[in-house]
């Protein structure tokens, strides 16, 4: 098993923050026992080299690994019927991969990279969108191969996107793209909605599982819902999962994040954010140790 981390947005209501705040979050995560922090694509794309170096230096001081989450805007949709929009998306992914490779060796990119989050078919045919997406990803992933960046496409629930809702669909997608640098990101929150069996989905993913996100059935930290953790961890051990795991609870209403992910009530359970995260990490580690 690799490192266990947390998404930096856990401590905010927007996807971005100041560099000073990013540094504080790295130290905050390390102080709670996390070994990895996930940041959005704005870090490689929007920050200066000196600002990026500040984050990398703080992470090194705290012995924390950084990985990165990407996404596509409406004018970058690689599922689109518009060739121009698809080209924009491919170039966005290529540029993002190049920036990550320039920023740090062995960089990893994951996330909702197959379409615009919260998008629906809007009268389009899924198969046509699928074909657009596969062709676009085949173009974009060449940059990752050249730069040595591993890309993991996230499997999302039906309310957040239409293309990859199950591990079976993700496996088909990865097979059709056909790149050793393309892997799968599974998330227990999404899996709880879509998969018949969380454990069997993980076993099917096998060595193509590039990253795992964990959160409860209600998107609270582990230990506050009904995810079958023993089944999940048993499956991870069965496939000898050596990748990283990222806690991705979303529990604070309001702001951009609360609105995008439909958090309409306080899910902290009366705890501080730090205490809720600490308990979630301890719960997950205890399950790992007992499985």
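Structural remarks
- Cα gyration tensor, the range 95-198 - rounded (a/c under 1.5), prolate or oblate: prolate
- Label-point separation in nm, residue 20 to residue 42, each point 7 Å along Cα→Cβ: 1.6 nm
- Cα centroid separation, the range 1-53 to the range 209-239 (Å): 22 Å
- If R0 equals 51 Å, the separation of the Cβ atoms of residue 266 and residue 84 corresponds to a calculated FRET efficiency of about 0.75.
- Here the chain has an Rg and Dmax of 18.0, 52 Å, counting Cα atoms alone.
- With an a/c value of 1.5 or above and a/b not larger than b/c for the gyration tensor axes a ≥ b ≥ c computed over the alpha-carbon atoms, the range 106-264 is described as oblate.
- The length gained on full extension between residue 127 and residue 207, counted as 0.36 nm times the residue separation minus their Cα-Cα distance, comes to 26.1 nm.
- Modelled this way, with points 7 Å down the Cα-to-C-beta line, the labels at residue 95 and residue 196 are 4.3 nm from one another.
- Rounded, prolate or oblate (a/c below 1.5 giving rounded, otherwise prolate when a/b exceeds b/c) for the range 22-81 by Cα gyration tensor: prolate
- Separation between Cα centres of the range 81-157 and the range 243-291, rounded to whole Å: 27 Å
- Percentage of interatomic Cα-Cα distances in the range 1-103 larger than 24 Å: 29 percent
- Computed extension length for residue 118-residue 75: 14.1 nm, one decimal, from 0.36 nm per residue of separation with the Cα-Cα distance subtracted.
- In this simple spin-label model, placing a label point 7 Å from the Cα along the Cα-to-Cβ direction at both residue 49 and residue 218 gives a separation of 4.9 nm.
- Förster-model FRET efficiency, 41 Å R0, residue 138 and residue 61, C-beta, rounded to 0.05: 0.55
Read the figures in this text as sums done on the coordinates, not as results from a lab. It should be emphasised that the depicted structure is a prediction, and the values quoted were computed from it without experimental measurement. Because the Cβ atoms are built from the backbone with ideal geometry, glycine has one as well, and the counts that use them run over all protein chains shown.
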